[in-house]
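Okay, so here's the structure we're looking at.
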Amino acid sequence: MSTCCKSMDCCRPVKSNGWLYPTLLLCAYGFFTTMRPSEPFLTPYLLGPDKNLTIEQVTNEIFPVWTYSYLVILIPVFLVTDYLRYKPVLILQGISFIITWLMLLYAQGVLAMQFLEFTYGIVSATEIAYYSYIYSIVDLKHYQKVTSYCRSITLVAYTFGSILGQVLVSVGDVSYFTLNVISLVSVSLGFLSSIPLPMPKRSMFFHRKETADIRVMPSTENVKPAPGNAFPQGSLDTVITSQGLADLHKDVSSPVRAAEHKGIFQNLFELYSDFKESYSSPRIICWSAWWALATCGFLQVTNYVQVLWDHVEPSRNNSAYNGGVEAVSTFMSAVTSFAVGFVKVDWAVWGELALGIFSVIDASALYVMDRADNIWVCYAGYVAFKASYFLLITIATYQIAANLSVERYALLFGVNTFTALVLQTILTIIVVDARGLSLDIITQFLVYGSYFAAIAGLFLIRGIYTLIQSRRKRKRQDGSEVTDGNNLPSENQIHLSEKF
């Protein structure tokens, strides 16, 4: 029997090292873990009869724990994710999802909700495994395709979940508790879809596996990002360059070097070298600075916006439309992000000014939300704020990724996110935490609007300076060309010189 099986193709295990199999599983994981219809109604659920918490407890004692845990867990997770080769961390994220929603359903009290926020901080920190796994399991030629698939599926899932939650609440009169049961089932399906994922044999830093059969494409240093690779959560998007391929598969001609097993300290040293080289460009520093500053403000706003909505129109007295607003804002964010692919602008000249202008829009939207007495005006301000942010974060992603290799971009993404979380932690301690100023929600959003106004002022000044410098440089070049042309002897001058 065993001899027969060896000779039969049907008895051979199915190969799962192609790009389609892991991509489908990863897309299934992304869809089910993101399709959470209860999330837009988290604050009404906590303030309602199921948990019976006060708005002060939710705002000043519970929500800040997510920020702190996310910050503390991010850096070790970033290194451990690469060392363990992604899949174990994906499974950890799936387990954390399940624990979070089980506690959301059955745990009671402030302390239990704080632990819930801690487990959700693990979920947020381990998100990097989802966006890095695919690059270690598929061929380089499929990077752009699978990136687009993984980004798009999370966008579709979040939009679908928000719409489903709103329809069930408004039309079906479904309770928030039932929405959380649906979310628990969804994240559990996501966890199950992560188990059959193939285990990568290489990773970006600690388990590099060089191969000699990779063809390096012609230089694409000035490649224009293709439309359709927008992503709503501001994470990791990739444009592969020839330098990136060279870095990822360097020294492929040397079998001896390819076979070397590098120690952890040597890998950490290379990580530090990549860090220095990644931030050696002033343009990347500028885009990264905006990324960190704006992401800090964005995370803070999205973390507390439901509290503001409940303040403007209490959910206990009226029907909440949070799910519909999240669906619309996500769709508008996708539209603006998608439109970036069709805009032809010299971002080296106009990029910083664009950051300043759209940061003004963000600040204005937050001021409108803060002063609005009408919930629909508040909703509209949120849609404008979110769409403007994702427009800029998409541009920043393309600009940073265009000239970096895959592993350097993953590193830069982690550093930028960590910086944003440090800033958010400082902002939370000062503005929100019960041990700080513990400001009310209206004053908080006044602070957030002023924060984005300061970002806008900084980049408007920088953008105007860059624009003036660019025009001066162009004038000097034009002037030198005219001068060179005037110094050339004319035909009459040549004849006169010959005559005399």
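Label the stretch 120-162 by shape, choosing from rounded, prolate and oblate, from the square roots a ≥ b ≥ c of the eigenvalues of the Cα gyration tensor; if a/c is under 1.5 it is rounded, and otherwise prolate applies when a/b is larger than b/c, oblate when it is not. Write out the running numbers ahead of the final one.
Details: a/c = 4.51, a/b = 1.32, b/c = 3.41.
Oblate, since a/c reaches 1.5 and b/c is not below a/b.
Give me the distance in nm between label points sitting 7 Å out from Cα along the Cα-to-Cβ direction at R316 and L189, one decimal.
Result: 3.5 nm between the two label points.
Between V72 and I442, how many nm apart are label points set 7 Å from Cα along the C-beta direction?
Going from the V72 label point to the I442 one covers 3.5 nm.
Report the extension gain between L105 and S470 in nm, rounded to one decimal, defined as 0.36 nm multiplied by the number of residues separating them, less their alpha carbon distance.
Working: separation 365, 0.36 × 365 = 131.40 nm, distance 5.77 nm.
Going from the current span to full extension adds 125.6 nm.
Please give, to one decimal in nm, the separation of the simple spin-label points placed at I98 and D346, each 7 Å out from Cα toward the Cβ.
For the pair I98/D346, the computed spacing is 5.7 nm.
Students often get this wrong, so check it: of K386/K473; K87/K145; K201/K386; K276/K386; K344/K473; K87/K141, which have C-alpha atoms separated by over 29 Å? Let's see the in-between values first.
Numbers: K386/K473 36 Å; K87/K145 21 Å; K201/K386 38 Å; K276/K386 32 Å; K344/K473 21 Å; K87/K141 22 Å.
Where the Cα-Cα span goes over 29 Å, the pairs concerned are K386/K473; K201/K386; K276/K386.
Calculate, for S170 and A434, the FRET efficiency according to 1/(1 + (r/R0)^6) with r their C-beta to C-beta distance and R0 45 Å; round to the nearest 0.05. Could you put the intermediate results ahead of the total?
On the way: r = 34 Å, r/R0 = 0.76.
So, using R0 = 45 Å, E works out to roughly 0.85.
Highest mean first, what order results for 102-109, 128-135 on Cβ atoms within 10 Å? If you can, show how the numbers build up before the last one.
Working: 102-109: 14.8, 128-135: 24.1.
Sorting 102-109, 128-135 by mean packing, highest first, produces 128-135, 102-109.
What shape does the stretch 93-150 have by the C-alpha gyration tensor, where a ≥ b ≥ c are the square roots of the eigenvalues, rounded means a/c under 1.5, and otherwise prolate means a/b greater than b/c and oblate the rest? Before the final figure, lay out the partial values.
Details: a/c = 4.57, a/b = 3.73, b/c = 1.22.
Verdict is prolate for the stretch 93-150.
State whether the stretch 264-391 is rounded, prolate or oblate according to the following rule on the C-alpha gyration tensor (a ≥ b ≥ c being the square roots of its eigenvalues): a/c under 1.5 gives rounded; otherwise a/b larger than b/c gives prolate, and the remaining case gives oblate.
Numbers: a/c = 2.65, a/b = 1.84, b/c = 1.44.
Taking the square roots of the gyration eigenvalues as a ≥ b ≥ c, the stretch 264-391 is prolate.
Tell me, what is the FRET efficiency for M199 and V335 to the nearest 0.05, using R0 = 45 angstrom and their Cβ-Cβ distance as r?
On the way: r = 38 Å, r/R0 = 0.84.
E between M199 and V335, to the nearest 0.05, is 0.75.
Since every read-out is calculated from the coordinates, none of them should be taken as a lab result. Predicted, not measured: the structure shown is a model, and the values here were computed from it. All Cβ positions, glycine included, derive from the backbone under ideal geometry; neighbour counts span all protein chains shown.
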